[in-house]
């Protein structure tokens, strides 16, 4: 097992990576009006920028018509703002994803050759891009239909209906060809994959989900500086935020097992006890967010159940007012569940009150 210092640095790095990818930070930290600071004025509606999608389809059209792009043109695509965000997202989960590796993958695609790696993530994107070459007319029609529909306004309205008034939201939506992840947030931008969006209505639903996640992330206190405690709190925050988005935006009702609760609580206990090496942390967390079942992994199912149960018991307004205080929501849910798996987690979090008071001192 690594030393406490090296593990702490790794955990801190993972917590920051995760918050950028899953919790969509980089937004100004606004706090709710229910016991915290008054929210700032609402953000203007996000703009839909489809330049990344148009550029990828132009690359595909040129390849099909026998006048493929030059390497210089491919490199220009890789450094464009939409694809810089895409590369940053994947690099946060796989350090072998770099701009140079992305260019090498596109060159292999242009030349009709397999992409040999080293990253499996880019190998999967290469396979998705290759399939897109044969679906170019359908993709062009899909892009035209999406751009002619006012999907952003509808998604914004759905997200704002389930957030405290004045919650800041991303100001830009980039539609591009990701080929791996359907939708995610990078700072003040939401990224949506054209290749995994079948129609405008599905894009609106995906976008509303991501906007809601970004909004709830903006309500959180500043990141806890303690590595282990911060990662545990980020885990809990993600559980609550995905639960709210899946329950209120998507209307999903999960059926978590007892094992789901034990896996998530066990991960948080191990993190708080500094018992995990960096590779164990990433592997365990990856299993929490995706275990191959529909709707996501144990973290999603448990968060959904938490929000659904508390909403039924206290009403959505009560839960919505506490989105900035995931620890308070966990305490409330634990109280309804009796002797649940998070009793020890809450006690361990309480022990760290002096290290992260903004997260652990409820002001309700």
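FYI, it's all coordinate maths here, none of it is from the lab. From a predicted model like this one, the values you see are computed outputs, not experimental measurements. Glycine gets a Cβ as well: all are built from the backbone with ideal geometry, and neighbour counts include every protein chain shown.
Summarising the strand pairing of the chain, around 35 percent of its internal DSSP beta bridges are antiparallel.
Using only the alpha carbon atoms of segment 296-338, find the Kirkwood hydrodynamic radius as the inverse mean reciprocal pair distance, in angstroms to one decimal.
Working: mean 1/r = 0.0955 Å⁻¹.
Evaluated over segment 296-338, this radius sits at 10.5 Å.
Taking label positions 7 Å along the Cα-Cβ direction at both residue 107 and residue 347, the computed distance is 5.9 nm, reported to one decimal.
Each of residue 336 and residue 312 was given a label point 7 Å from its Cα along the Cα-to-Cβ line. The distance between the two points is 0.8 nm.
Could you work out [θ]222 nm for the chain from helices alone, using -39500 (n - 2.57) per DSSP H run of at least four and dividing by all its residues? Round to the nearest 500 deg cm²/dmol.
-18000 deg cm²/dmol
With the convex hull of the Cα atoms taken as the outline of the chain, the averaged projected area works out to 17.9 nm². Relative to the current alpha-carbon distance between residue 127 and residue 354, full extension at 0.36 nm per residue lengthens the span by 76.8 nm.
For a protection proxy built on the mean count of beta-carbon atoms within 10 angstrom, sort 180-193, 308-321 highest first, please. Write down the numbers at each step before the final one.
Numbers: 180-193: 21.9, 308-321: 16.7.
Averaged packing, sorted descending, gives the order 180-193, 308-321.
Extension gain, residue 135 to residue 279, is 48.0 nm, computed as 0.36 nm per intervening residue step minus the present C-alpha separation. With the simple spin-label model, which puts each label point 7 Å out from Cα in the Cβ direction, the residue 61 to residue 76 separation comes to 1.5 nm.
Treat segment 27-219 as a sphere of radius equal to its Kirkwood radius over Cα pairs and apply Stokes-Einstein at 37 °C in a medium of 0.692 mPa s; give the translational diffusion coefficient in µm²/s, rounded to a whole number. Could you put the intermediate results ahead of the total?
Details: Rh = 17.5 Å.
Taking Rh from Cα pairs, D becomes 188 µm²/s.
A straight chain from residue 270 to residue 182 at 0.36 nm per residue would run longer than the Cα-Cα distance by 28.6 nm. The relative contact order of segment 27-219 comes to 31 percent, based on Cα pairs under 8 Å that sit 6 or more residues apart.
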